[in-house]
């Protein structure tokens, strides 16, 4: 049986998929430029060289394609998405060192451990989730990853130019609370939200001696 929280999170994506097909528009990004900017921030924080990467909520494989375009020498890449059509579109790109699987990481969290990834990444994936559900997912990803987890979300400490922006179906998270929670997991965290004037935040949590 499908996880109810998963189905609620996926509903806007299913609606967009019916309308646009497995395209950029169906992934609910605001623009291609900001999508790539978020990818670049994750690369700057984690590096990913010689690493196995799991992209949870990979859509049609844009992060994988961008890593290759940037010349990042990752070892292997696994993309997971709950929507078959997106995985089919990603696999059709035949990207080097990349495989794609239809897996819902909310309903099937064991899939993250099975990927045996150094880093588990979430870019845009959390935006339509309830904050508590998102935190539980990131916690499971952190423990499943060999080195750490890197993720972005819409920050509530935002520049006034973003204050009146209609985000639906996405919503903002409590950035200070996420930082506090991350520091409870590990002393080794990196954080930035300067790339879009506070509209978006990215956190990398690496394992420390506490695991």
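Going by C-beta contacts inside 10 Å, put 99, 128, 187 in order with the fewest on the left.
Numbers: 99 15, 128 19, 187 12.
So the residues, fewest neighbours to most, are 187, 99, 128.
By average Cβ neighbour count within 10 Å, what is the ranking of 80-87, 40-47 from highest down? Mind dumping the intermediate values first?
Values: 80-87: 21.6, 40-47: 18.4.
Averaged packing, sorted descending, gives the order 80-87, 40-47.
At 4 °C and a viscosity of 1.567 mPa s, what translational diffusion coefficient does Stokes-Einstein give for segment 14-121, taking Rh as the Kirkwood radius over Cα pairs? Give it in µm²/s as a whole number.
Numbers: Rh = 14.0 Å.
So the translational diffusion coefficient is about 93 µm²/s.
If you take every DSSP beta bridge fully contained in the chain, what fraction is antiparallel? Give it as a percent rounded to 5.
So the antiparallel bridges in the chain amount to around 40 percent.
Stretch residue 197-residue 209 to full length: gain in nm at 0.36 nm per residue minus the Cα-Cα span? Could the numbers behind the result be given before it?
Values: separation 12, 0.36 × 12 = 4.32 nm, distance 3.35 nm.
So the extension gain works out to 1.0 nm.
Based on the mean of other Cβ atoms within 10 Å per residue, sort peptides 196-202, 156-162 so the most packed one is first. Intermediate results must be reported in sequence, preceding the final value.
On the way: 196-202: 20.9, 156-162: 13.3.
Ranked from most to least packed, the peptides come out as 196-202, 156-162.
So if I take the alpha carbon set of segment 4-206, get Rg, then get Rh from the Kirkwood formula, what is the Rg over Rh ratio?
In segment 4-206, Rg relative to Rh is 0.93.
For Cα pairs less than 8 Å apart in space and 6+ apart in sequence, what is the mean separation divided by the residue count of the chain, i.e. the relative contact order in percent? Present the calculation step by step, with values, prior to reporting the outcome.
Details: 348 pairs, mean separation 37.5, N = 211.
Computed over the chain, the figure is 18 percent.
Rounded to whole Å and sorted largest first, list the principal axis extents of the Cα atoms in segment 113-211.
Taking the Cα atoms of segment 113-211, the three principal extents are 41, 24, 20 Å.
Name the most mobile residue of 90, 117, 177, meaning the one with the largest mean-square fluctuation, in a Gaussian network model of the chain with Cα contacts below 10 Å.
177
Only helical DSSP H runs with n ≥ 4 go in: add -39500 (n - 2.57) per run for the chain, normalise by residue count and round the 222 nm mean residue ellipticity to 500 deg cm²/dmol. The partial results should precede the final answer.
Working: 7 runs with 80 residues, N = 211.
Theoretical 222 nm ellipticity from helices: -11500 deg cm²/dmol.
Since every read-out is calculated from the coordinates, none of them should be taken as a lab result. Predicted, not measured: the structure shown is a model, and the values here were computed from it. FYI the Cβ positions are ideal-geometry reconstructions off the backbone, even for glycines, and counts take in every protein chain you see.
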